[in-house]
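Here is the structure we will look at.
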Amino acid sequence: MLAFPVHPRYSRMLLAAQEYGCVHQACLVAALTQGRDLLLRGGGKEVRDDRGDLLGEQASSDFWILMRAWNFALKNQFRVDACRRLGIHAVTAKQVGPLFEQFLRIAKDEKLDTAMREVKDEALQKCILIGFSDRVGRRLDQGTLRCELVHGRRGVLARESVVQQSQLFVAAEIREIGGRDNEVNTILSLATAIEADWLKELFPDDLKSEVHVQFDAQARRVMAAELLRFRDLALAAKRVDPPPADAAARLLAQEINAGRMPLPHWDHPVEQWLLRLRLLCEHCPELQLPPITDEDKQHLIEQLCHGAVSYKEIKEREVKPLVMSWLSPAQRALLDKHAPERLTLANGRTPKVSYEPGANPHIALRIQELYDVTQTPRIALGRVPVVVHILTPGMKAIQVTQDLANFWREHYPKIKSELQRKYPKHEWR
């Protein structure tokens with residue numbers, strides 16, 4: 001490769017040409033690309049028409065057009081008038097000849113077979129692919145010239161390229177040109193059409209098949225496809241139905257956790273159960289109850305989603321039995337005892353306890369329902385006082401306290417007469 005005074009990509013192409021019996025043609029390809037562009041851009045409709053008539057508009061490589069253009073210039077002794085007719089740069093064309101001879105001479109010295117012979121286009125196309133495998137590209141759609149390259153790059157196939165009907169190609173030249181608003185456009189030119197089977201043949205270790213799973217937000221379902229990749233470039237995709245169960249459950253759970261797919265049965269009672277467990281884990285570590293972390297919550301939702309691929313399938317699934325299965329029966333008994341749903345007060349009342357994140361739990365009762373309750377109730381082995389919301393008979397709060405004894409002693413006597421006047425039909429002690 002070092003023997004040739006060209007970029008290593010072209011050197012590699014020339015060595016590959018020995019295997020495919022097309023060293024002579026490969027030397028011309030290399031020579032055509034070392035100086036200025038052989039074909040002038042623009043030139044008007046007449047030049048384009050004459051170029052199409054004499055050089056052809058269809059080919060499996062832009063190099064073939066350059067080779068035909070150079071042979072046309074050679075046959076016409078590089079005359080400026082003849083070259084101008086096809087938009088050929090006459091001086092550049094004339095400079096190709098000595099370079100071509102130099103490459104042939106070096107190839108011969110390196111013991112390569114430089115004999116001129118008829119070869120199929122495919123042979124030279126494979127040689128170009130071998131030299132430019134880091135520039136394999138794929139058309140993104142038929143409506144535009146947008147392309148995707150290996151290594152995550154994007155670009156646009158040159159408008160003058162003759163391989164616009166090919167899905168896969170290699171680009172020997174990549175130019176970045178400035179556009180509007182300081183935008184940089186990547187133009188891919190000197191393209192050569194290739195086949196996916198050639199990649200399997202020449203670079204088997206660089207081809208990987210993998211299942212790609214993603215969530216379709218519009219359809220609210222998980223989709224999967226088996227992707228054939230050359231390095232990191234997707235070559236083909238085949239739908240996989242149903243998608244892998246674990247991956248589908250994970251994606252559905254992520255959407256639920258993000259709040260984009262609410263579960264009707266992940267309701268207030270479920271959240272209360274989780275808050276009760278969190279409170280005991282925090283205040284009573286000796287009970288050794290396992291906390292539910294954010295990661296654990298994700299795993300629980302994944303279990304709920306397992307076997308489903310769409311929101312429709314999971315929307316009405318029951319949640320609470322699954323969440324409660326986090327604890328054993330004995331652990332659930334500890335939870336019910338030390339962080340109960342309802343408290344039993346000294347007067348026999350059983351108000352519902354409301355748990356809140358970052359705050360003490362509370363109960364709310366009318367003042368008559370608190371008669372004979374003189375001490376603030378406590379839970380979690382007596383370590384957490386329950387906040388009492390004391391209400392009027394009309395269900396309006398008149399006091400929020402964690403000290404019932406002080407309320408009865410200090411506050412109740414002051415408000416009793418006022419409440420008696422306002423609610424004369426109720427019992428007042």
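3J(HN,Hα) along region 334-345, derived from phi through the Karplus expression 6.51 cos²θ - 1.76 cosθ + 1.60 where θ = phi - 60°, amounts to 5, 4, 5, 6, 9, 9, x, 5, 10, 9, 9, 7 Hz, with x in place of Gly and Pro. What the Kirkwood sum gives for region 59-199 is a hydrodynamic radius of 17.0 Å, with every pair of different alpha carbons counted. Counting only DSSP beta bridges whose two residues both lie in region 354-422, roughly 60 percent are antiparallel. Give K396/K425; K352/K396; K45/K120 a once-over and call out the pairs whose C-alpha atoms are over 21 Å from each other. K45/K120, as the Cα separations exceed 21 Å there.
A cut-off of 5 Å between modelled amide H atoms, ignoring neighbours fewer than 5 places along the same chain, links S61 with A193.
For region 354-422, what percent of Cα pairs sit more than 21 Å apart? Please list the in-between numbers first.
Details: 568 of 2346 pairs.
Tail fraction, whole percent: 24.
Which one, L190, C147, C281, projects farthest toward the positive side of the charge dipole computed for the chain from Cβ point charges (K/R +1, D/E -1)? Projecting each Cα onto the dipole axis, the largest value belongs to C281. In the chain, helices alone account for a calculated mean residue ellipticity at 222 nm of -11500 deg cm²/dmol, with every DSSP H run of four or more residues adding -39,500 (n - 2.57). For K238, the aspartates and glutamates whose Cα falls under 13 Å of its own Cα, not counting residues fewer than eight places away in the same chain, are E210, E226. Ordering L99, P393, L28 by the projection of their Cα atoms onto the charge dipole of the chain, which places +1 on the Cβ of Lys and Arg and -1 on the Cβ of Asp and Glu, puts P393 at the extreme positive end.
Out of the DSSP beta bridges found with both residues in region 260-392, what percent are antiparallel (nearest 5)? It would help to have the intermediate numbers written out before the result.
Values: 5 of 10 bridges.
Restricted to region 260-392, the bridges split so that about 50 percent are antiparallel.
Here the calculated FRET efficiency for V184 and R349, from their Cβ-Cβ distance with R0 = 60 Å, stands at 0.20, rounded to the nearest 0.05. The radius of gyration of the Cα set in region 311-366, together with its Dmax, comes out at 15.4, 48 angstrom.
Over all distinct Cα pairs, what is the inverse of the mean 1/r for region 268-338, reported as the Kirkwood hydrodynamic radius in Å? Please report the intermediate quantities before stating the final value.
Details: mean 1/r = 0.0759 Å⁻¹.
This gives a value of 13.2 Å.
For region 61-113 versus region 370-429, the spacing of their alpha-carbon centroids is 102 Å. For GluC sites (Glu not before Pro), the sites in region 312-355 that DSSP calls loop and that have at most 12 other Cβ atoms within 10 Å are E316, E318.
Summarising the amide proton neighbourhood of I398: residues at separation of 5 or more, or on other chains, whose placed amide H is nearer than 5 Å comprise I390, L391, T392. Note on K94: aspartates and glutamates with a C-alpha under 15 Å away, same-chain residues under 8 apart excluded, are D37, D81. Semi-axis lengths, largest first, of the ellipsoid equivalent to the chain are 84, 23, 17 Å, with √(5λ) applied to each eigenvalue of the Cα gyration tensor. For K414, no aspartates and glutamates have a Cα falling under 13 Å of its own Cα, not counting residues fewer than eight places away in the same chain.
Hey, any idea what Rg/Rh is for region 134-243, computing Rh the Kirkwood way over Cα pairs? If you can, show how the numbers build up before the last one.
Working: Rg = 15.8 Å, Rh = 15.4 Å.
Looking at region 134-243, the ratio lands at 1.03.
Charging the Cβ of each Asp and Glu at -1 and of each Lys and Arg at +1, and nothing else, the dipole of the chain about its Cα centre rounds to 1380 debye. Backbone phi angles across region 365-381, fed through the Karplus curve with coefficients 6.51, -1.76 and 1.60 (θ = phi - 60°), yield HN-Hα couplings of 9, 5, 4, 5, 6, 9, 4, 6, 9, 9, 10, 5, x, 10, 10, 6, 6 Hz in residue order; Gly and Pro are listed as x.
Using the beta-carbon distance between D216 and L381 and R0 = 45 Å, what value does 1/(1 + (r/R0)^6) give for FRET efficiency, to the nearest 0.05? Spell out each step's value before the answer.
Working: r = 50 Å, r/R0 = 1.10.
Between D216 and L381 the formula returns 0.35.
Backbone geometry of region 263-279 corresponds, through the Karplus equation with coefficients 6.51, -1.76 and 1.60 at θ = phi - 60°, to 3J(HN,Hα) couplings of 9, x, 8, 8, 10, 4, x, 5, 5, 4, 4, 5, 5, 4, 5, 4, 4 Hz, x marking Gly and Pro.
How many angstrom separate the Cα center of region 154-230 from the Cα center of region 282-344? So the separation of the two Cα centres works out to 47 Å. For Y371, no residue 5 or more places off, or on another chain, has a built amide H under 5 Å of its own.
A short reminder: the numbers here are calculations on the coordinates, not readings from a lab. Note that this is a predicted model, so its numbers are computed, not measured. Note: ideal-geometry Cβ built from the backbone for every residue, glycine included; neighbour counts use all protein chains shown.
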